[in-house]
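Written out below as structure tokens is the structure these notes cover.
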Amino acid sequence: QQPVQSPQAVILREGEDAVINCSSSKALYSVHWYRQKHGEAPVFLMILLKGGEQKGHDKISASFNEKKQQSSLYLTASQLSYSGTYFCGTEIDTDKLIFGTGTRLQVFP
Amino acid sequence: DVKVTQSSRYLVKRTGEKVFLECVQDMDHENMFWYRQDPGLGLRLIYFSYDVKMKEKGDIPEGYSVSREKKERFSLILESASTNQTSMYLCASSSLTSGADEQYFGPGTRLTVT
């Protein structure tokens, strides 16, 4: 039931792009993305809803393929501040999220 | 500024002790959640609550209980702490909408059971 995230880890240089994927075996109402920096609480990035609506971060983009039950997070022209662990949360039951195991992203100068 | 606070950042307890973890939010949110976070396992939902005195089991409720007597406060209780409950515990809250909304997380409590 826990969504599968890939890759598990990514290493980038500043300015490079990355894609993080999230795949569920269940039909989804929505997909949420969070970023957690080391030693800090997870912070909301965005929500992708069935039907195409998105809410959240204006500098990060994502897609949601309802039929494939997959979402991808696109990090373009990465900055040092993008470093952290990214979690997708899938809503398969009302108001309740199931989080993936996380993708660790490190951006170096 | 929105805030979710947790009673302790670090806690050390002995096996068999009863442990209370407290969470308070100041956003008048209806929904509150307790997660545990372990390396390689991500965030796993223990319990959540839609309203005062209401609670729902999450994915790993065994060994835990919760209490929500006031809207702003959600407590996680370990009735008899065991070493396999050593973990980071995160509380979160969100508003009640037609679907899952943005969750605001507290700073976490790192619990060690010896």
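The values are calculated or read from the model by the stated rules, or taken from the named source; none is laboratory data. Everything numeric here is computed off the predicted structure, so don't read it as measured data. Every residue, glycine as well, gets a Cβ built from its backbone with ideal geometry; the counts of neighbours run over all protein chains shown. For the accessible areas, the whole protein counts, side chains as well, though only heavy atoms, and no ligand, DNA or RNA atoms are used. Shrake-Rupley method; radii C 1.70, N 1.55, O 1.52, S 1.80 Å.
Per-structure values
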item	result
Label-point separation in nm, A:GLN106 to B:LYS70, each point 7 Å along Cα→Cβ	4.4 nm
FRET E, pair A:ARG13, B:MET88, Förster distance 25 Å, beta-carbon r, rounded to 0.05	0.25
Accessible-area composition of the protein assembly as shown, carbon plus sulfur, in percent [1.4 Å probe]	48 percent
Lysine pair count for segment A:4-108 [Cα-Cα under 19 Å; pairs on different chains or 8 or more apart]	9
Between segment A:2-34 and segment B:1-31, the alpha-carbon center distance in angstrom	29 Å
Per-residue average of Cβ from other chains inside 10 Å of A:32-44	4
Summed side-chain charge close to B:SER94 - residues other than B:SER94 whose Cβ falls under 10 Å, Lys, Arg +1, Asp, Glu -1	-4
Straight-distance crosslink candidates among aspartates and glutamates, where the alpha carbon sits under 12 Å from B:LYS53 and sequence neighbours closer than 8 are dropped	B:GLU30, B:GLU69, B:GLU72
Overall dimensions of the protein assembly as shown as given by Cα atoms, namely Rg and Dmax in Å	17.3, 51
Range in chain A, longest, excluding exposed trypsin sites (Lys or Arg not before Pro) [loop by DSSP; at most 14 other beta-carbon atoms within 10 Å]	A:69-109
Qualifying chymotrypsin sites (Phe, Trp or Tyr not before Pro) in segment B:1-89, DSSP loop, other Cβ atoms within 10 Å at most 16	B:TYR50
C-alpha center-to-center spacing [segment B:44-113, segment A:57-109] in angstrom	23 Å
Pair B:GLU56, B:SER80: separation of 7 Å Cα→Cβ label points (nm)	3.0 nm
